[in-house]
1. Each residue of segment 140-148 in turn: what ³J(HN,Hα) in whole Hz from Karplus with 6.51, -1.76, 1.60 and θ = phi - 60°, glycine and Pro shown as x?
2. Around Val145, what is the net charge, scoring Lys/Arg as +1 and Asp/Glu as -1 over all other residues with Cβ under 14 Å from its Cβ?
3. With only alpha-carbon pairs counted, each pair once and no self-pairs, how large is the Kirkwood hydrodynamic radius of segment 1-96 in angstroms?
4. Cys82's amide H: which non-local residues (gap 5+, or another chain) put their own amide H closer than 5 Å, with H modeled 1.01 Å from N in plane and none for Pro or chain starts?
5. Quick check: net charge around Thr68, other residues with Cβ under 13 Å of its Cβ, Lys/Arg +1 and Asp/Glu -1?
6. Projected area of segment 93-177, taken from the Cα convex hull and averaged over every viewing direction, in nm²?
7. When DSSP beta bridges are limited to those with both residues in segment 5-156, what percentage is antiparallel, rounded to the nearest 5?
8. Expected output is a single nm value to one decimal: the length gained when fully extending between Arg137 and Leu181, i.e. 0.36 nm times separation in residues minus the C-alpha distance. What is it?
Amino acid sequence: MAAYQAHETAVIDPGCTIGEGTRIWHFSHIMPGCTIGRNCNIGQNVVISPEVVLGDNVKVQNNVSVYTGVTCDDDAFLGPSCVFTNVVNPRSAISRKDQYLKTYVGKGASIGANATVVCGHTIGAYALVGAGAVVTRDIPPYALVVGNPSHQVGWVSEYGHRLVFNETGIAICPESSQRYLLKDGVVTRI
């Protein structure tokens, strides 16, 4: 029995690594040289390109393109139809495969449906990128960003709830009761 499950219509090229418990759904293409961790869920019509790295428990929803240069840490969530780029100035007639820029999605970060992540940026741990946002710069951990280009409108907990900080810079997640500190523009869990 295989360590992972794949629908019969999925294309899994030789030379990729797929962790135990991972599920790959209809019409997805897993390309050579990529690494997919344990217990991931790869939705329908997803492309995972060469050299992409997905940590454990990453959820990739339907119609997502994850191109070479992208690394997603454990527990990242990639919403339906979100897309990553890997070249800043693509041209059909000019090969720029040696100019791919790295993009990093931190532990527990979520990227909303139809968002676009322009290459060369870091999305911090537990950040939340709103649906349809266009990421054109680094996103700090726990930040909530929306719009085109994306801009920060607040902070979120590890459970994805908007944080409201009191006068001493403390916020409590309403679901988990985890406590957070906002100091000098940086949020940390305490």
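Values quoted throughout were computed directly from the atomic coordinates according to the rules given, and no laboratory measurement underlies them. Values in this document were obtained by computation on a predicted structure and should not be read as measured data. Using ideal geometry, Cβ is built from the backbone for each residue, glycine included, and neighbour counts are taken over all protein chains shown.
1. x, x, 6, 6, 10, 10, 9, x, 9
2. Counting the neighbours of Val145, the net charge comes to +1.
3. 13.3 Å
4. Those lying under 5 Å, H to H, from Cys82 are Asn114, Ala115.
5. Neighbour charge sum, excluding Thr68 itself: +1.
6. If you wrap the Cα atoms of segment 93-177 in a convex hull and average its projections, you get 6.8 nm².
7. Around 10 percent antiparallel, to the nearest 5.
8. Extending this stretch completely gives an extra 13.5 nm.
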